[in-house]
């Protein structure tokens, strides 16, 4: 099937995403957006960074664009999953052959810059350092994108907003943000929510009953307490939601946790045994998902 270039309208979020504010991150993001200050989201995997950006794109579109006649429209959100093969050309654009002629195709970053969208560079440290330099003129007072292959620059739309994220737990000497990049952003730190907050999130996202959602949140909290002893990374809220969804489909609770949590968090048998002990302590009986235990 021939690849189709997405139009900017297709990057708009049409339904309000579920997001439970944990601290003051919503207010901080709004203030940064108004002030045109780029934002860095940092925290463990599965703590809601991507969902938060989706939520803010939806909310900001309604709060800050209504006076311009764009009622009930979200801001386009263009997400780029960074990886070591990502080049500046991939972000900015390139010339392509179309029939007998050569045509220019904007990259995702250029689309966001022109349309006034949010460009979200997910796991920015995975990208090559020579690639991330391209965002420097966009992340200070200049707010423009150089397009070297066309010998021009693109002045950012007034609503353009740059957001990057990374997981500090995966940092290494080879994969870290350059100081010249990092200090262009304010940082919002994400962490796992409290047990009661996480239970609400699990219940909403998995449709699990209140007791099961709370028990899964308890498992997540206890597994994270193992971090630094036998674990390098705790169980994400995402994995707890997956377990809740499996339970809703009738999978035994322990088995659901084994599949969605234990086997996903680690391949080490010793670590898996430690996680299983936590699961068995919370679910002492192995009944189907629609039972109380």
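The values are calculated or read from the model by the stated rules, or taken from the named source; none is laboratory data. Note that the structure is a prediction, hence the values are computed from the model and not measured. Glycine also receives a Cβ, built like all others from the backbone with ideal geometry; neighbour counts cover every protein chain displayed.
Taking the options 94, 71, name whichever one is farther than 20 Å from residue 188 by Cβ and either at pLDDT 95 or above or not in a loop (DSSP other than H, G, I, E, B) (or both).
Values: 71 fails: either at pLDDT 95 or above or not in a loop (DSSP other than H, G, I, E, B) (or both).
On inspection, the qualifying residue turns out to be 94.
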> Taking the stated definitions as given, is residue 53 loosely packed, with under 14 Cβ neighbours inside 10 Å, assigned to a helix (DSSP H, G or I) and touching a helix residue (DSSP H, G or I) at 6+ places or on another chain (Cβ under 9 Å)?
Replying inline: no
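Please work out which residue is surrounded by the fewest Cβ atoms within 10 Å (Cβ to Cβ), limiting yourself to segment 1-26 and to residues that are part of a helix (DSSP H, G or I) and under 18 Å from the mean Cα position of the chain (by Cα).
Here is the first cut: in segment 1-26, the residues part of a helix (DSSP H, G or I) are 8-11, 25-26.
Subset that is under 18 Å from the mean Cα position of the chain (by Cα): 11, 25-26.
Working: 11: 20, 25: 20, 26: 16.
The selected residue is 26.
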> How many of the residues in segment 185-217 are out of contact with any strand residue (DSSP E or B) (no Cβ under 7 Å at 6 or more places or on another chain), at pLDDT 95 or above and surrounded by 20 or more Cβ atoms within 10 Å (Cβ to Cβ)?
Replying inline: 12
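Rundown of residues vs (1) within 23 Å of residue 8 (Cα to Cα); (2) free of Cβ contacts under 8 Å to residues at least 40 places away in the same chain, yes/no style:
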site	(1), (2)
108	yes, yes
112	yes, no
116	yes, no
122	yes, no
142	no, yes
> When only residues in segment 103-141 that are touching a strand residue (DSSP E or B) at 6+ places or on another chain (Cβ under 9 Å) and assigned to a loop (DSSP other than H, G, I, E, B) count, which is nearest to residue 179 (Cα to Cα)?
Replying inline: 139
> Which fully enclosed helices (runs of 4 or more DSSP H) of segment 218-288 have 1 or more residues being modelled with pLDDT under 90 and more than 27 Å from residue 50 (Cβ to Cβ)?
Replying inline: 269-282
